[in-house]
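Worksheet: the structure to be examined is printed underneath.
The values are calculated or read from the model by the stated rules, or taken from the named source; none is laboratory data. Quick caveat: nothing in here was measured; it's all calculated off a predicted structure. No Cβ is skipped: glycine too gets one built from the backbone with ideal geometry, and neighbour counts run over all protein chains shown. To get the accessible areas, we keep the full protein, side chains included, count just its heavy atoms, and leave off ligands, DNA and RNA. Shrake-Rupley method; radii C 1.70, N 1.55, O 1.52, S 1.80 Å.
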Protein chains: 2
Amino acid sequence: MSMAASPAPRRLGVGLVQMQMSEDGAANRDKALRMTREAAGRGAEVVCLPELFGSRYFCQAEDADCFALAESVPGPTTEAFAELAAELRIAVVVSVFERRAAGLYHNTAAVVDRERGYVGKYRKMHIPDDPHYYEKYYFTPGDLGFRSFATEKANLGVLVCWDQWYPEAARLTALQGAEILFYPTAIGWHPAEKAGLGDAQHEAWELTQRAHAVANGCFVVAVNRTGFEPGPPGAEGIEFWGRSFIAAPDGSVLCRAPTDSEAVLVETLELGRIEEQRQGWPFLRDRRIDAYGAMSNRFDDS
Amino acid sequence: MSMAASPAPRRLGVGLVQMQMSEDGAANRDKALRMTREAAGRGAEVVCLPELFGSRYFCQAEDADCFALAESVPGPTTEAFAELAAELRIAVVVSVFERRAAGLYHNTAAVVDRERGYVGKYRKMHIPDDPHYYEKYYFTPGDLGFRSFATEKANLGVLVCWDQWYPEAARLTALQGAEILFYPTAIGWHPAEKAGLGDAQHEAWELTQRAHAVANGCFVVAVNRTGFEPGPPGAEGIEFWGRSFIAAPDGSVLCRAPTDSEAVLVETLELGRIEEQRQGWPFLRDRRIDAYGAMSNRFDDS
């Protein structure tokens, strides 16, 4: 049996920016631009920023004044990053609080690329609502479906935070050809829960996303914010747990940022591992697409 | 705000039987009955056996003689376990190589219960085919869909081995009301791969199933065989890796069997943790059932 010649290895430098946000939006954006530049300087060709890095995590309270933080997409933030992407010859996954129309806002992540500038956007499909994560107040659920964006270097799947708990979201994005699933994220501990539940919560979060890498045979990049952000009166605030990471298609963790400090991580991904993994464990081959119709049911109690 | 009175705690003793199989089918079945009895003696009310415990893992080769191992379901094996279940007042998840008709065989798991005897069966939906796991030769893919079985004590979701890599299978079974997902399993290392890939393979296997527990807020019980089984001429055999385990709805591992020896594990599950977990992380509430239609596509390259 003769074997085909192997193609040249496809390597991609991926950078993640784990940031702490202040109340000063201009300072947040400047820091995000600076840390993106640092990632590119260390070899990143694609950089991902955390969820809603332009501001503190305002969803700790329901406050109509916070809608003033929203902007159009494309808009000022994607333009600033598109300019930087062109200069540095990279692509960037940019999370933005999107104002679509009066009274219509989304939690959006855009892709900007060195060649094309603004490439497209994904609007967060799964919107949480838990005490002090009052996102249903602010964000209309996405209506663009699940999306992967072909860029010059790789096919980039973009999801946002709460989506990371949904195997459906990972699968549907992978089926669009995503080689890497990016999850800009804002997750942390309520201080009163941390001692009792903190480790279990973090472990569930990380293993769930590593499992998406395994199930789909692709890379996963989760990018969280870090640091304590005070809450509104009567609330205790949120301690964002950092620990941004990159997982390989076998679910192994390639790198992980610390809990308590900002970090720029850059990792060279061997994209050939995707096909190798999927040949070894050919899950996509055996999906029972004739039997998944009930995925569109809320519950099977009829 | 007045709080409703809490219901009485629902506790369920769950046992798993990690076995090594010999070439003697009667001895395998006798051992399975004996170990099930041991589990019940230690408090198990539901017991799960490994995949195809009636024989060695014959799928290491394609051999038409092995079809002689198949039997009807219900049939002799389910009857033997139904009798034991009645005596011990338990339920049992029983994996059987099912002969449905001439030339039509399934990899099946039945539920037998103390009250009703044979309750029903699930036929493995996802069939693997990898070197020395030649299951597509033997097993017709299941045509009963994904199933959960209401028993007196709990709602038991039944899946089999390769299904454990599919988040769709876990989700669809949970949506039927399963409180526990049982995975009778036969997974191990090819000896030549163990040093290089063994740890990563095992870790991917365990974390994937723990992620099903998290995503669905239910318990997961994975029951593997243990021990080395020699392969056909020219093959090196399989070293089944044991490490059967039970995961809680937060993904934590409640108990784990060793790699190299048989084991009966019994764990008392607090079924109230399911609702508690799902209230804390309400993933089922936010599923985008309007946007999951493409789960029924093979790939989105149209």
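Quick check: is even one residue across the range B:96-107 touching a residue at least 60 places away in the same chain (Cβ under 8 Å), of a type in the set (Gly, Ala, Ser), out of contact with any Pro (no Cβ under 7 Å at 6 or more places or on another chain) and over 30 Å from B:Glu239 (Cβ atoms)?
Checked against the condition, which is being touching a residue at least 60 places away in the same chain (Cβ under 8 Å), of a type in the set (Gly, Ala, Ser), out of contact with any Pro (no Cβ under 7 Å at 6 or more places or on another chain) and over 30 Å from B:Glu239 (Cβ atoms), the range B:96-107 yields no hits at all.
Filter the range B:250-287 for residues that are in a loop (DSSP other than H, G, I, E, B) and not acidic (Asp, Glu) and give the result.
Those that are in a loop (DSSP other than H, G, I, E, B) and not acidic (Asp, Glu): B:Gly251, B:Ser252, B:Ala257, B:Pro258, B:Thr259, B:Ser261, B:Leu271, B:Trp281, B:Pro282, B:Phe283, B:Arg287.
Looking at A:Tyr133 and the list (1) among the hydroxyl-bearing types (Ser, Thr, Tyr); (2) under 20 Å from A:Leu49 (Cβ atoms); (3) open to solvent by less than 10 Å² (accessible area, probe 1.4 Å), which single condition is not satisfied?
(3)
Checking the conditions here, which among A:Ala178, A:Ala215, A:Ala170 is in a loop (DSSP other than H, G, I, E, B) and either buried (at least 22 other Cβ atoms within 10 Å of the Cβ) or in contact (Cβ under 8 Å) with a residue 60 or more places away in the chain (or both)?
Among A:Ala178, A:Ala215, A:Ala170, only A:Ala178 is in a loop (DSSP other than H, G, I, E, B) and either buried (at least 22 other Cβ atoms within 10 Å of the Cβ) or in contact (Cβ under 8 Å) with a residue 60 or more places away in the chain (or both).
Kindly indicate which of B:Val220, B:Val253, B:Val266 is in contact (Cβ under 8 Å) with a residue 24 or more places away in the chain and within 11 Å of chain A (Cβ to nearest Cβ).
From the options B:Val220, B:Val253, B:Val266, the qualifying one is B:Val253.
Please return the ranges of strands (runs of 3 or more DSSP E) entirely within the range A:1-105 where 2 or more residues are open to solvent by 20 Å² or more (accessible area, probe 1.4 Å).
Counting at least 2 such residues, we get A:91-101.
Could you count how many residues in the range B:142-160 are among the hydrophobic types (A, V, I, L, M, F, W, C), open to solvent by 10 Å² or more (accessible area, probe 1.4 Å) and outside any strand (DSSP E or B)?
Number of matching residues: 2.
Which members of the range B:197-212 meet the condition of being within 7 Å of chain A (Cβ to nearest Cβ), open to solvent by 10 Å² or more (accessible area, probe 1.4 Å) and free of Cβ contacts under 8 Å to residues at least 24 places away in the same chain?
Across the range B:197-212, the qualifying residues are B:Ala200, B:Glu203.
Which members of the range A:279-300 meet the condition of being over 18 Å from B:Leu159 (Cα atoms), at the interface with another protein chain (Cβ under 7 Å from one of its Cβ atoms) and among the charged types (D, E, K, R)?
A:Arg298 - this is the single residue of the range A:279-300 that is over 18 Å from B:Leu159 (Cα atoms), at the interface with another protein chain (Cβ under 7 Å from one of its Cβ atoms) and among the charged types (D, E, K, R).
For the range A:234-249, name all the residues that are modelled with pLDDT of 95 or more and in a loop (DSSP other than H, G, I, E, B).
A:Gly237, A:Gly242, A:Arg243, A:Ser244, A:Ala248, A:Pro249
Can we say A:Phe139 is crowded, with 18+ Cβ neighbours inside 10 Å, within 21 Å of A:Asn28 (Cβ to Cβ) and touching a Leu at 6+ places or on another chain (Cβ under 8 Å)?
no
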